[in-house]
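Have a look at the structure below, then the notes.
The values are calculated or read from the model by the stated rules, or taken from the named source; none is laboratory data. Values in this document were obtained by computation on a predicted structure and should not be read as measured data. All Cβ positions, glycine included, derive from the backbone under ideal geometry; neighbour counts span all protein chains shown. Please note that ligands, DNA and RNA were not included when accessible areas were found on the heavy atoms of the full protein model with its side chains. Shrake-Rupley method; radii C 1.70, N 1.55, O 1.52, S 1.80 Å.
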Amino acid sequence: MRYRFLLLALLVVALVVVPPFLGLGWQYTLVNALIAALFAAAFNLLMGQGGMLSFGHAAYYGLGAFGVLHVMQLIEYGDSRFPTVLLPLVGGLIGLVSGLLAGFFAARRSGVYFALVTLALAQLLYSLAPHWSGMFGGEAGLSSMRMPSLGLDFGSNLQVYYLTLAWTLVCISLLYAYTLTPFGRLTQALRDNEQRVRFMGYNAHATKVLVFGISAMFAGIAGGLTAIANETANYQIFNSHVSAQVVLHTFIGGSALFFGPIIGAAVITVFTFVVSGVTHSWMLYLGALFVLVMLFAPNGIGGVIQAHVQRRDSLPWRRLVAPYAVATGALVLVALGTVFIVQSLEIVFSEQYRAAVARTGQYADYSLFGMKWALFSPLTWLTPLLPLVAGLLLLRRTAARIRELWAGGGDPSACPPKVPGATLRSRA
Amino acid sequence: MRHALSALAIATGLIAPAIHAEPLKVAIIESLSGSQTSTGRMYSSAARYVLEQMNEQGGYNGEPIQIKDYDNGGNTSGAASQFRQAVADGAHVIIQGSSSAVAGQITEDVRKHNIRNKGNEIVYLNMGGEALELRGDKCHFHAFHLTTTAPMRVGPLVKVMAQEGDLGDRVYSINQAYSWGQDMEQAIKSYADTYDYEVVETVLHEVNRIQDFAPFVAQIQAAKPSSVITGNWSNDLLLLMKAVGDSGLDVTFGTTFLDQVGNVANAGKMALGHYVAHPGNAELNKDPQDAEDYKAFSGHYPVYVEPGTINGIRLFTEALRANDFKGGDIDVNRIALAMEQARLETDIGPVSIRREDHQAIMPVVVSRVEQGVKYPADGTDMGFKPIQVVSPEDAIYPVQESCRMRRPD
């Protein structure tokens, strides 16, 4: 327990100290990562803990953003004295009210039907927003400027970052505290067995509506923070891909663990920023990552961490070091081989390259990783295949070894939990 | 000691930079992944084509122009994030074209950035956002709109169709229900008196959701129009034209995006005889080498948004040439002021910038789908035959009152 606090404290210190030394692009990405983390945590309150999979959380996120923008416009053009620091509260309030309303209808059904109702409600907003220009600013959306407030001008990205950081930390702490309350336990009971909750004398529908409302409230706060960071919002914020993204973040991070979705959102946001700056194929890599996580670690990144934490006393750590190091190395080899092939294909199939071929009539050498490669030389294709195949073989062997160590390496009384090794078996 | 000295000499050699001029940095924030990729790539490649030509002639300010692509993923949040990255990379100029929504995000981001960062301003070149609002409410000094708008397309379109006898006196207006479609509808109504036609009915429909246009075609049929004017694009245009073709209704279409890649191939013979108003047509190039050069660069002849983008970026390079910073720091405000004065003579007429709202004053070409054209479209035997070039003075529309531009002191 003490380690966990130390780790969290270190993370918070890093989040406070590091950003001033980062470039604008990175600062903004961290703002986005924080917002995505809060959004995912809010979503997971409903999904991971309440067992209700919403496919339309973009609705409350977006409504929060638009609400905050309206207030921002009041501050900018009018004489409203609402402090900028408290703006996300507006988003939270709007999220709560709209969430309670939507939850009232959606929570009448569960499972797939619940997901469909939430999806429909979000799509309703998506098609309504571009036509209602008074409320949502039409297709172009609403725009405003952050005004100085309480001695801060909010002109720099860094100030926005600290505002977002503070709000995200407070909200995530609140969401965590929520899980410890009796009502938080009741939420989990809803997920495990709704019937039983009803027989215990609780009003299951009212509870579900309330959980939905709280989740939407934090989603609204996240939306409000986006509005502050971007100073604009348009109807695209209601797009189903925004709803899908938070589901993706949650699944990659692992919904079973409180911190899973937060990790997932942060990792994916930073991954997207870094990779999309390097290659146009970034979506392919993102998709591949998602598929791999679903196949080999269905409990997400958080699940893998949790498995290790749970077995920290029974695992033969010393004997695991070597296989883990080898597995990491093998993964790097596989990644390198894959990246080489994908990037080669991207270059060779690019318009520029094809135009050059049409112009000169020959397939020129292309440069990748700082070297020149001949398209039809076997060496060019052996270079990535070698590390790829070697890495895969190596992975297979080390996975077997890791499984062995996980199964019998420690205390025989420890129950075999779901571990990455166990899921790797499906490949062997 | 000697070693230390030589080490010092090497170190100073490494540290002391060769005196370099400030290179001009151009950020192309386009839709390079997602559903609008094909259009995004066209803007990017046309802009690169012109800028790299300038680099071949020695670059700018004594350095090659640095051009970098940023993928906005086709949405505004991606654009906002890539804009920050471009700022971090020190961009002076931002080029973007596909989607008015993204254009709205970027123009606002640029405006706010310039208010907060005096002395480090950025210029935004809007190559394709046609929404009137961008030059109205949202206009500002550092945004330049190097593309047409609805009135600039509809005016020439109805003018030429009337001259060719294909417009008739009963015009049907069918458009998509968002700002672009509304701008189009407004423009179609506004030219009714000038070109002596009656707008028999106006329809705004959902954007890219309708699979079957038959009910709309029945409505069109009942109104007995002589021609249909539409600003529809993508599926909304294709499916509408196909539904009309299937019904056997004989009307001429006046369109704004029929030249989008793939449309002619998809519509087949049904496309013949219909009109499009666009910013350029390669067949009008006096020197056929121009189109060949572009093909050598990109793999295809300039089509759709490319001729307009090439002209727009060429106008920008004129503004660059008007300012010689002599290898010193680049002053973006001076480039912006030069943009207002710049004038580009193209094969179809002059292109310049209107000082009041920074809208490009440019010629508009009206073409008709015919067989036996110089540059057939989509590998078919059909293509866009230029019928007439409408001069910049005839194509331009009045400045919107909503534009209140604050100029630098």
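Condition check ((1) surrounded by 15 or more Cβ atoms within 10 Å (Cβ to Cβ); (2) charged (D, E, K, R); (3) modelled with pLDDT of 85 or more; (4) in a loop (DSSP other than H, G, I, E, B)) across all residues:
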site: A:Val332; (1), (2), (3), (4): no, no, yes, no
site: A:Gly337; (1), (2), (3), (4): yes, no, yes, no
site: A:Phe340; (1), (2), (3), (4): yes, no, yes, no
site: A:Ser344; (1), (2), (3), (4): yes, no, yes, no
site: A:Gln362; (1), (2), (3), (4): no, no, no, yes
site: A:Leu395; (1), (2), (3), (4): yes, no, yes, no
site: A:Ser413; (1), (2), (3), (4): no, no, no, yes
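Every residue in the stretch A:88-145 that is under 12 Å from A:Gly213 (Cα atoms) and buried (at least 20 other Cβ atoms within 10 Å of the Cβ), please.
A:Gly92, A:Ile94, A:Gly95, A:Leu96, A:Ser98, A:Gly99, A:Ala102, A:Gly103, A:Ala106, A:Ala107
Inspect all residues belonging to the stretch A:152-161 and state whether any of them is closer than 16 Å to A:Gly224 by Cβ, away from chain B (no Cβ under 12 Å) and open to solvent by 20 Å² or more (accessible area, probe 1.4 Å).
No: the stretch A:152-161 contains no residue that is closer than 16 Å to A:Gly224 by Cβ, away from chain B (no Cβ under 12 Å) and open to solvent by 20 Å² or more (accessible area, probe 1.4 Å).
Given A:Ile172, A:Ile214, which one is closer than 30 Å to A:Gly151 by Cβ, away from chain B (no Cβ under 14 Å) and either aliphatic (A, V, I, L, M) or surrounded by fewer than 18 Cβ atoms within 10 Å (Cβ to Cβ) (or both)? Give the derivation first.
Details: A:Ile214 fails: closer than 30 Å to A:Gly151 by Cβ.
Sole residue among the options that is closer than 30 Å to A:Gly151 by Cβ, away from chain B (no Cβ under 14 Å) and either aliphatic (A, V, I, L, M) or surrounded by fewer than 18 Cβ atoms within 10 Å (Cβ to Cβ) (or both): A:Ile172.
Could you tell me which of the residues B:Leu134, B:Leu204 is within 14 Å of another protein chain (Cβ to nearest Cβ), part of a helix (DSSP H, G or I), in contact with a helix residue (DSSP H, G or I) (Cβ under 8 Å, 6 or more places away or on another chain) and over 17 Å from B:Val390 (Cβ atoms)?
Working: B:Leu204 fails: part of a helix (DSSP H, G or I).
Selected residue: B:Leu134, the only one of B:Leu134, B:Leu204 that is within 14 Å of another protein chain (Cβ to nearest Cβ), part of a helix (DSSP H, G or I), in contact with a helix residue (DSSP H, G or I) (Cβ under 8 Å, 6 or more places away or on another chain) and over 17 Å from B:Val390 (Cβ atoms).
So, in the stretch B:348-360, of the ones that are surrounded by fewer than 23 Cβ atoms within 10 Å (Cβ to Cβ) and under 18 Å from the mean Cα position of the chain (by Cα), which residue ends up farthest from B:Asn120 (Cα to Cα)?
Keep residues of the stretch B:348-360 that are surrounded by fewer than 23 Cβ atoms within 10 Å (Cβ to Cβ), which gives B:349-350, B:352, B:354-357.
Filter again for under 18 Å from the mean Cα position of the chain (by Cα), leaving B:349-350, B:352, B:354, B:357.
Numbers: B:Gly349: 34, B:Pro350: 31, B:Ser352: 25, B:Arg354: 24, B:Asp357: 22 Å.
Applying the filter and picking the extreme gives B:Gly349.
Residues are listed down the side, and each one gets a yes or a no for (1) touching a strand residue (DSSP E or B) at 6+ places or on another chain (Cβ under 8 Å); (2) within 14 Å of chain A (Cβ to nearest Cβ); (3) surrounded by fewer than 18 Cβ atoms within 10 Å (Cβ to Cβ):
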{"position": "B:Thr252", "(1), (2), (3)": "yes, no, no"}
{"position": "B:Asp259", "(1), (2), (3)": "yes, no, no"}
{"position": "B:Ala282", "(1), (2), (3)": "no, no, no"}
{"position": "B:Pro288", "(1), (2), (3)": "no, no, yes"}
{"position": "B:Val305", "(1), (2), (3)": "no, no, no"}
{"position": "B:Ile313", "(1), (2), (3)": "yes, no, no"}
{"position": "B:Gly328", "(1), (2), (3)": "no, no, yes"}
{"position": "B:Asp331", "(1), (2), (3)": "no, no, yes"}
{"position": "B:Met362", "(1), (2), (3)": "yes, no, no"}
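Are there helices (runs of 4 or more DSSP H) fully within the stretch A:58-161 with at least 2 residues that are modelled with pLDDT of 85 or more and closer than 22 Å to A:Val247 by Cα? List them. I'd like the intermediate steps shown before the answer.
Details: elements: A:58-77, A:87-106, A:112-128, A:133-136.
Where helices (runs of 4 or more DSSP H) fall fully within the stretch A:58-161 and carry at least 2 residues being modelled with pLDDT of 85 or more and closer than 22 Å to A:Val247 by Cα, they are A:58-77, A:87-106, A:112-128.
So, in the stretch B:34-89, exactly how many residues are touching a helix residue (DSSP H, G or I) at 6+ places or on another chain (Cβ under 6 Å), farther than 20 Å from B:Ser298 by Cβ, more than 8 Å from chain A (Cβ to nearest Cβ) and outside any loop (DSSP other than H, G, I, E, B)?
3
Take A:Val334 and decide whether it is over 25 Å from B:Ser44 (Cβ atoms) and over 29 Å from the mean Cα position of the chain (by Cα). Even if it seems obvious, please write down each step before you answer.
Working: over 25 Å from B:Ser44 (Cβ atoms): yes; over 29 Å from the mean Cα position of the chain (by Cα): no.
The answer is no for A:Val334.
If you take the residues in the stretch A:29-51 that are open to solvent by 10 Å² or more (accessible area, probe 1.4 Å), away from every other protein chain (no Cβ under 14 Å) and not polar (S, T, N, Q), which one is nearest to the chain's Cα centre (by Cα)?
A:Met47
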